[in-house]
Structure formats: C-alpha cells, structure tokens
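The values are calculated or read from the model by the stated rules, or taken from the named source; none is laboratory data. Note that the structure is a prediction, hence the values are computed from the model and not measured. Positions of Cβ are generated from backbone atoms using ideal geometry, with glycine treated the same way; all protein chains shown enter the neighbour counts.
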Amino acid sequence: MMTRETTFNISIALLLLAAPIAAHYAGEPFYVTLATRIAVLSLAAVGLNIALGLGGLVSFGHAAFFGIGGYAAGILASHAFAGSPLIFGLPGTQQMPVIWIVAVLFGGFAAFLIGLITLRTAGVYFIMITLAFAQMIFYFAISWPAYGGEDGLPIFVRNQFPGINTLNPLSYFLLCYVLLGLALLLFRLLADSRFGAALQATRQNDVRVASVGIPPYRIRLVAFTISGMFTALAGALFADLNRFVSPSMLSWHMSGELIVLIILGGVGRLFGPVVGAALYVLLEFWLGGITERWQFFLGLILLGVVLFARGGVIGLVAGRARHG
Amino acid sequence: MADPILAIDELVKNFGALKATDHVSLDLRPGEIHALIGPNGAGKTTLISQIAGTQRPDAGRISFDGRDIGALSVAQRARLGLGRTFQVSSLAPEFSALRNVMLAVQAVSGSSFRFFKPVMRDPSLMEPAMAALERAGLAERAHVAVAELSHGERRQVEIAIALAMKSKAFLLDEPMAGMGPEGSSRLTGFLDGLREEAPILLVEHDMNAVFALADRISVLVYGRVIATGTVDEIRADPEVRRAYLGDEA
C-alpha cells in the first residue's frame, strides 16, 4: 500500500510536470520559466537537504556551492564564446554535460575543503563558519574583474545539450526536471543506505555512532561533499536559466533562501525541497505582483510553519517522518 | 593466569583541582566480571569514558588486546572490540530499536560508506540485529522507536548493541539502573553467561548483582582504587566498609 506521503509526492511531481507542458501549449512561456525556476531551486535544496535534513548540519553557506556551479557555467561559456583559452590552454565549452561535470567537481571539492574545517565545529559555530566561508567566496567574486566582478557575467547564448534545443523553454524545463528526478532518486537511495543510516544517526546522537565504531566526522564530511555537488549542479542550471551569473548567487541571502525552502517543505523529507521551492517561487510571483514587500508575508508563513507545523507542508499532509 | 585483555596503568585525570582519576591501575582478564564500585562522584563513569575514548586522560596508559589505545578515537577503539553501554541510555531516539542495533552490525560488518543498497532490505544487517535483540529480550519491541521505549527497554537496547558489536570486552556503566527488580534479576542471569563470551568491566550500584556476579571487585573512592579483591575480600575489608559499603555488607 502506498503511504500518504508517497501519494502526495507523486501528485506534486506530476503537477510540476503537467503545469509547464500545459502552459507551453497555451502559449505562456513565462510559466514554463517559472516552473524551471522551481525545479532548479528544488535541486539546490535537495542538495542542502542531505546535509541539513539527513545530517542535521545547518549550513548557512550553501550559496557558495550554488554560485560555484553558476560561475563554472558562466566562465566555461564565456571562454567558448570568446574563443579564448582557460588556464593551461584548455578551451571553454558550451556543452552542458561537460559544464555540469565541472560544476559538480568544483562544488564537491569546495564542499570538501570547507567541510574539513567547519565540521570540526557544531551548532551555532558551524552555522557561522559556513557563512564566513561563503562570504569569502562572495567577496572574491565581487573583486575579480576578469569575470564581471560586481556586475556579473552574462551567458550570451544558452549552453547546449546534444540532441536538445535548450533555447526552447519547455525542452530546458524537461532537462532540469529529469535532473531533479535523478537527484531525488539518489537522495532516496542515500537516505535508505548504510551511509544514510549512519548519517541520520549522527544527527540524532553522534556519541552513539562513534561508540559502535563509526567515525561521525568522516560520515559528515562525505555527506557535506555530496550535498555541495548537488547544489553546484543546480547552480549551473540556474545560470543557464537566467543566462547570467552574478555574485548574488553567492550571497548569504541565497543560503538563507535554501534553508527557508527546506523548512517550508519539510526538513529531511524527500519532497520537502520541491514543495518548499514551489511555494516560495509562487508566492514570490503572486504576492510580488501585489506588493514589493512580499517577503513580509513569506515571513508570516514561515512563522506559522515553525510554530504550528514543524514538519513543514509535508509534515502537515503526511504526518511525522517514520524510520522503520 | 591469562594475560589481561584490558590493562589500565597509572591513569590520571584532573578537572581543575578535582582528581577524578588518581593514579588508577586495574585490569580485565578473559572470562571474568570485574566490578567497579564506589560512592557517587567517585569517578567511575569518568574512568569508563577514558577507556572508551570519550575523555582523554592527563597521564597514564590504557592497553587493549595487546596494544596501546591511548591515541585512538572512540570509533577506532570500538572497532577493536570495546563495547560500551552508557549510564544514561545514549541511542538514536528517532530510530527503532532494531535500527539502532543494525547500526552496530553495520559498523562491525564492513564499511558504512555504501550508498545504494537499502538497509531495511539487507538480511545481513537485520538478522544479526534481530538475534541480538532477542538475546537481550526485546525482540517483540524491535520496531518501536527508541523515543517511545521505556527506560528499562532502552537499557536492553544498549545491551543488544554491545552484543551486536561482537565486543572483545564489555564496559557496562550501570546496566541495572532504572530497571525493576524483575528486570535486574533477569539481567544478572544474562550477564552471568555473557562473561564466557567476553569479559565485563561492570560499574554497578546494585550490590546484590555485584556480589552475585563479580569475580573481582575494585573499589573507587575520590578517584583512587582503595581495594581490589574477590567478593569475600572486599566484604571483609574494613576500609571499604567505612568508605562505601557501610552496613549493607
């Protein structure tokens, strides 16, 4: 029998697929872009959900990985566009698969290095140190004129994927949707695996984990690295969606937004990031059309969730998480 | 006499001016239950923590299974075969009893860095975990979240975890605490058999259990071992009677 959560998740997945297809054939490409934005932010938050939801690691610096992914796309594309070599004479590229691999590798490497240091701390210190690292990268991007500095870096033509016209909004949405689906599948596998069991146990009681002979620090470091990889991939997609990369992708607002998405949707829940991102983007769109101060209402909703629905929307719909 | 599996030599741990562990030496030999008794605040748990690695001694040596483990982490010591239970149950509360024990099976049966195979469909994890729970007498409650288990049941989960770790020595910190009289007597019988599997360093306040089980007893007072001996020797020791046992013996 299917649980309520599974039914709800499938409905959300189908809705997120059906809405932009309908919009596309109704001649409303704007809504397709809106759905793509939801898919990409979801993917970024799925990454954070590994660290935050499964591992209890409240990273306030995931914008770093999001931005690194974005800049990987922007920098590679700008070199390909200008025909100028990168370092060591390597050429740039406009091929998305290559860009994604580069984004994931750099995102993972950055997360590994940042994790090496930050994961020696816990609680508020962890939050502050992850923030500090992300801010360092943010200011570095601002002060690096080669790639636009404060003004950011445009991607003149959206990067390409073999066999797909990425300039078609629906095609690009479907590409992002498939990647989000794969990421959710990986998240599920990870959560149910031995590694996931150890990671979720470190969130609950790391002394216990160490006492049975599993090193919590290494478990967390691997989780943080994987988490950064997912978020970096989303960053690359986000850059191509907007055809623009700027330091704002690296700013602490972005890190906060990702945390808000997860809390809205449901911390540690498979579809928490998707539901959170959908709510966030739709509120931004509807309320943003009514008032510039739409985030005031977002704040009220967040307050409501934190006070009355700890498990986020998914918790409200499907009840508390169960761990077999 | 067989070589001790665990040997502590001149261990010292100070918290400021407080001597929590004051030049303690003791050992644990194969097949025995060595009980550690003493009044509250004598430093029993501090001593266990230093053996398990959650606290670092200021001086002294701890060797286990023939090697110096002073520089090893908690997880490394556990993998060598030091199985610890906690005075206050320390488990993953959202997980079921079974999943808590499965974590221990997972730790001894290879790597935790496996990312794809679901644990709840892995008989190589579930079966040994279930067997350990059965031995600890908690099989019927295996699928209940630890947060919903009673205090005594959580103690049983702790025992099951220590069993599942296939430990070469057990460090049991007040396993009877919070158990009813029936539970205590059942656990006493269980520990009696367990010593054949691996020796036990037992911290316990329940003197009936200690006198029934212990091959040797060490008495810790203000961080110092004031006496070590058989049950009869300890019962007869005037200094022990004055410091701790009082009229009880």
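Below are the figures for this structure:
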{"quantity": "Odd one out for A:Leu179 among (1) within 16 Å of the chain's Cα centre (by Cα); (2) free of Cβ contacts under 8 Å to residues at least 40 places away in the same chain", "calculated": "(2)"}
{"quantity": "Residue in the stretch B:30-47 that is farther than 26 Å from B:Phe211 by Cβ and among the hydroxyl-bearing types (Ser, Thr, Tyr) present", "calculated": "no"}
{"quantity": "Helices (runs of 4 or more DSSP H) (entirely within the stretch A:163-228) containing at least 3 residues that are over 22 Å from A:Gly123 (Cα atoms)", "calculated": "A:169-192"}
{"quantity": "Helices (runs of 4 or more DSSP H) contained entirely in the stretch A:12-129, each with at least 3 residues that are modelled with pLDDT of 95 or more and among the β-branched types (Val, Ile, Thr)", "calculated": "A:29-49, A:96-118"}
{"quantity": "Of all residues making up the stretch A:160-174, the number that are within 24 Å of A:Gly47 (Cβ to Cβ), touching a residue at least 60 places away in the same chain (Cβ under 8 Å) and of a type in the set (A, V, I, L, M, F, W, C)", "calculated": "2"}
{"quantity": "Selection status of B:Leu191, of a type in the set (A, V, I, L, M, F, W, C), within 14 Å of B:Lys44 (Cα to Cα) and surrounded by 19 or more Cβ atoms within 10 Å (Cβ to Cβ)", "calculated": "no"}
{"quantity": "Any hit, the stretch B:141-155, residues being under 22 Å from A:Leu189 (Cα atoms), at the interface with another protein chain (Cβ under 8 Å from one of its Cβ atoms), among the hydrophobic types (A, V, I, L, M, F, W, C) and surrounded by fewer than 24 Cβ atoms within 10 Å (Cβ to Cβ)", "calculated": "yes"}
{"quantity": "Residue match in the stretch B:170-183 (condition: surrounded by fewer than 24 Cβ atoms within 10 Å (Cβ to Cβ) and touching a strand residue (DSSP E or B) at 6+ places or on another chain (Cβ under 8 Å))", "calculated": "yes"}
{"quantity": "Qualifying residue in the stretch B:76-84 (condition: at the interface with chain A (Cβ under 8 Å from one of its Cβ atoms), closer than 26 Å to B:Glu204 by Cα, in contact with an Asp or Glu (Cβ under 8 Å, 6 or more places away or on another chain) and touching a residue at least 12 places away in the same chain (Cβ under 8 Å))", "calculated": "yes"}
{"quantity": "Positions within the stretch B:134-167 being in a loop (DSSP other than H, G, I, E, B) and either of a type in the set (A, V, I, L, M, F, W, C) or closer than 27 Å to A:Arg220 by Cβ (or both), in sequence order", "calculated": "B:Ala136, B:Leu138, B:Ala142, B:Val144, B:Leu149, B:Met165, B:Lys166, B:Ser167"}
{"quantity": "Residues within the stretch A:198-221 that are surrounded by 20 or more Cβ atoms within 10 Å (Cβ to Cβ), more than 7 Å from chain B (Cβ to nearest Cβ) and within 23 Å of the chain's Cα centre (by Cα), tallied", "calculated": "5"}
{"quantity": "Residue satisfying condition, being within 14 Å of another protein chain (Cβ to nearest Cβ) and either out of contact with any His (no Cβ under 6 Å at 6 or more places or on another chain) or among the acidic types (Asp, Glu) (or both), within set A:Phe195, A:Phe244", "calculated": "A:Phe195"}
{"quantity": "Test: A:Phe156 is within 22 Å of the chain's Cα centre (by Cα) and either within 29 Å of B:Ala92 (Cα to Cα) or away from every other protein chain (no Cβ under 14 Å) (or both)", "calculated": "no"}
{"quantity": "Test: residue in the stretch B:33-44 that is charged (D, E, K, R) and more than 13 Å from every other protein chain (Cβ to nearest Cβ)", "calculated": "yes"}
{"quantity": "Residue, farthest from A:Asn205 (Cα to Cα), within the stretch B:85-101, restricted to residues that are assigned to a helix (DSSP H, G or I) and more than 7 Å from every other protein chain (Cβ to nearest Cβ)", "calculated": "B:Leu98"}
{"quantity": "Residues (within 29 Å of A:Ala197 (Cβ to Cβ), touching a residue at least 40 places away in the same chain (Cβ under 8 Å), surrounded by 14 or more Cβ atoms within 10 Å (Cβ to Cβ) and small (Gly, Ala, Ser)) located in the stretch A:277-324", "calculated": "A:Ala277, A:Gly311, A:Gly312, A:Gly315, A:Ala318, A:Ala321"}
{"quantity": "Residues that are free of Cβ contacts under 8 Å to residues at least 60 places away in the same chain and under 18 Å from the mean Cα position of the chain (by Cα), drawn from the stretch B:14-40", "calculated": "B:Asp27, B:Asn40"}
{"quantity": "Criterion: surrounded by fewer than 24 Cβ atoms within 10 Å (Cβ to Cβ), touching a residue at least 24 places away in the same chain (Cβ under 8 Å) and at negative phi - qualifying residue of B:Met120, B:Met102, B:Met126", "calculated": "B:Met126"}
{"quantity": "Condition met for A:Thr225 (among the hydroxyl-bearing types (Ser, Thr, Tyr), more than 8 Å from chain B (Cβ to nearest Cβ) and more than 14 Å from the chain's Cα centre (by Cα))", "calculated": "no"}
{"quantity": "Residue match in the stretch B:121-133 (condition: under 27 Å from A:Val222 (Cα atoms), at the interface with chain A (Cβ under 10 Å from one of its Cβ atoms) and assigned to a loop (DSSP other than H, G, I, E, B))", "calculated": "yes"}
